[in-house]
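Enquirer: Structure below; questions to follow.
All of the numbers you see were taken from the coordinates with simple rules; none came from a lab. Predicted model, so just to flag it, every value in this text is computed and none were measured. Cβ sites come from the backbone with ideal geometry, for glycine too, and all protein chains shown count toward neighbours.
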Amino acid sequence: MYAYLEWGTLSAMVFGTHTGHYSMSSFTTDPLTLRMTRMQLNREGTSTFDERTDLTYDPAGNFTEAKATLAGGTVDNQCFSYDYQQQLTEAWTPSSADCDPSARSQASLGGPAPYWTSCTTDTIGKNIETGGPHPFGCIDHHLRLRQ
């Protein structure tokens, strides 16, 4: 089953109703931009969510933060930064809730699956291959620094 808002955007999906038990994903959007700001997963019979992900954007509409919180309290915070062409340049998982790019370092990585990836593009937006373990100019700092 699906539920929609007046603008035609999805607000909820219900799964598993054929056995009498269900899970529901709900979606919250910003009323001005219609960008999704929260996704939440709930199961029937529980008093709290199983997972809640809050999304943050820059003024151009690019994701800058995706903060997933699990029912047990584990937080997976992922941060993203972009260049003047709105192309992804950095993605990382800070150990704190702070997505400040100046605080980004190998020592400040955290979360259940820590990573830090850098991507470089030329002036026309083409990815530049700079070496490292990843194609398309993206370097995984976590893997590179461990090698």
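Enquirer: If each residue's Cβ is checked for other Cβ atoms within 10 Å, how do Trp116, Trp7 rank with the fewest at the top? Walk me through the numbers before you get to the answer.
Expert: Working: Trp116 22, Trp7 9.
Ascending number of Cβ neighbours within 10 Å: Trp7, Trp116.
Enquirer: Something else now. Just to be sure I understand the curve: with the Debye formula and one point per C-alpha of segment 1-49, what is log10 I(q)/I(0) at q = 0.22, 0.28 Å⁻¹?
Expert: -0.79, -1.03
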